[in-house]
Amino acid sequence: MSPPPSVGTLDADVTSPQPPASVRRPAVPAVRPRARHSTVWLGLLPPLALLLGLEFAVRQGWVPRHLLPAPSDLVQTFAQLGQATVTQHVLVSSLRVLAGFLLGTLLALLVGAAVGLRKPLEDLLDPSFQALRAIPSLAWVPLLLLWLGIDEAPKIVLIAIGAFFPVYLGVSSGLRDVDRKLVEVAHMAGLSPLALTRRVLLPAAMPAVMTGIRQGLSLAWMFMVAAELIAATQGLGYLLTDGRETGRADLVLSAIVLLAVLGKLSDSLLQWWERHLLRWRDTFQSHR
């Protein structure tokens, strides 16, 4: 006969029963975050494929060279223009865009904030701004030339008009669409109007504001071309006009390539600034 179990053994069996091995759950290993690899280089594949395909098509004679030059012809065009000439045209256009964009953005931030925070101002001003926004860029050119002449002023004002409306829409709609519950909680916490604007309204509206600013910069480049097509002796718009009048498709395409590169670089700078300002957000984009 086997001896009876001791009291310690009984207590251990009662207090800490062990389930059979068949029903025990295996230990789940800790999930490590997956390493994120940069995929920025993927954006280079479409333009590289387009350039290679265009070069091959032109060299095979499928596309007339005088209508659509090969990318290698554009390199020769840049070499013929010279580094100093290309740099001068790029610098002039960039300074015009910078001046007009800053002017239009500053006015849009002030007016958009006033319209977004005050309902009477929205009812008073927003219909007029929506009507003005529908006017094409070239429709402003004759009036600005009559008012301001043919110097730099009409070009900068036209660029400012192009940048104004997207930023105005981003600011006014961003403030207007802030969640009402956030404002009510801020009032219950006793925040002053200044603290409410700084701690609640601005952070909540900032994504829409940054989207409007990026769209405003894109339109600033477009309106710059419209301004330089009319009356200019320097700039990328002037290169477009010169290429059209002389029948040089390579010169026209060279100016278009420069516009695309400058637009992408400036937008990437704003995109980096947006990620820095909105790094506190927990969004789907941050976990992809």
Go ahead and run the numbers for FRET between LEU191 and TRP41, Cβ-Cβ distance against an R0 of 51 Å, rounding to 0.05.
0.65
Dividing the Cα convex hull volume of region 98-223 by residue count, how many Å³ per residue is that?
104
Excluding residues fewer than 8 places away in the same chain, name every one of the lysines whose C-alpha is closer than 30 Å to that of LYS181.
LYS119
Ratio of region 49-154's C-alpha Rg to 2.2 N^0.38 Å, to two decimals?
1.72
What ³J(HN,Hα) values, in whole Hz, does the Karplus curve 6.51 cos²θ - 1.76 cosθ + 1.60 give for region 131-148 when θ = phi - 60°, with x put for Gly and Pro?
5, 5, 5, 7, 6, x, 5, 5, 5, 7, 4, x, 5, 5, 5, 5, 7, 10
Dimensions (Å) - region 209-263, Cα atoms, principal axes, largest first
43, 21, 13
I'd like the FRET efficiency for LEU106 and ARG180, computed as 1/(1 + (r/R0)^6) with the beta carbon distance as r and R0 of 22 Å, rounded to 0.05.
0.15
May I ask you to evaluate 6.51 cos²θ - 1.76 cosθ + 1.60, the Karplus curve with θ = phi - 60°, for each residue of region 55-60 and list the ³J(HN,Hα) values in order in whole Hz, giving x for glycine and proline?
4, 5, 5, 5, 5, 7
Pop out the ³J(HN,Hα) list for region 82-91 in order, Karplus 6.51 cos²θ - 1.76 cosθ + 1.60 with θ = phi - 60°, rounded to Hz; leave Gly and Pro as x.
x, 5, 5, 5, 4, 4, 5, 5, 5, 5
Electrostatic dipole magnitude of region 81-228 [Cβ: Lys, Arg +1; Asp, Glu -1; Cα centre; debye, to 20]:
340
May I have the convex hull volume per residue, in Å³, for the Cα set of region 154-218?
73
Residues of region 238-258 with the amide nitrogen closer than 20 Å to a label point 7 Å from the Cα of ASP73, along Cα-to-Cβ, please.
239-258
Counting only protein heavy atoms with a 1.4 Å probe and every protein chain in place, the carbon and sulfur fraction of the accessible surface of region 90-153 in whole percent equals 76
The summed charge of the GLN234 Cβ neighbourhood (under 13 Å; Lys/Arg +1, Asp/Glu -1) stands at -2
If the chain between ARG279 and TRP62 were fully extended at 0.36 nm per residue, the gain over the current Cα-Cα distance would be 73.2 nm
Set Lys and Arg Cβ to +1 and Asp and Glu Cβ to -1, take the dipole of region 72-144 about its Cα centre, and tell me which of GLY116, ALA131, THR77 lies farthest positive.
GLY116
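The values are calculated or read from the model by the stated rules, or taken from the named source; none is laboratory data. Keep in mind the model is a prediction, meaning the values are calculated, not measured. When we count neighbours, we look across all protein chains shown, and the Cβ atoms used for this are built from the backbone with ideal geometry, even at glycine. Surface areas here come from the heavy atoms of the whole protein model, side chains and all, with no ligands, DNA or RNA. Shrake-Rupley method; radii C 1.70, N 1.55, O 1.52, S 1.80 Å.
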